[in-house]
Amino acid sequence: MNTKINNENSASPTLTGVILTSTQKLASQIERVKHNILAEFREAFEAHNHLLRHAINQADALAWQTAYPELVFPTLAIEKVQAAAGWAARQKSYSKETLAAQHLSE
């Protein structure tokens, strides 16, 4: 009788296997969202592609610290990317202003 029970248990997935499969599915979903966000904002970042990747990686790390990373990540990633885009735009504006001021002082 014990043999029959052991055979039935070995056919059913283990808790570890279920958790691993679930985590892999979540990671795959988040990777697809990352790819979509990268594609959407790539042009806006032009030469600052590293800033875009950094913002998305920050959002990814923070999302995995929550109970529902698949729900948190998309919104958090877009917020981080928009903040980075704003920073990049301000830096570009400051650079132009600095160059203009240098030309006026010459």
What's the exposure ranking of ILE19, ILE56, going from fewest to most Cβ atoms within 10 Å?
ILE19, ILE56
Within the stretch 73-93: backbone nitrogen closer than 13 Å to the ALA44 label point (7 Å, Cα to C-beta)
75-90
So the FRET efficiency between TYR94 and ARG53, C-beta based with R0 = 22 Å and rounded to 0.05, is 0.45
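Readers should treat all values here as calculations from the given coordinates under stated rules, not as data from a laboratory. Remember, it's a predicted structure, so these values are computed and weren't measured experimentally. In this analysis, Cβ positions are derived from the backbone assuming ideal geometry, glycine residues included, and neighbour counts consider all displayed protein chains.
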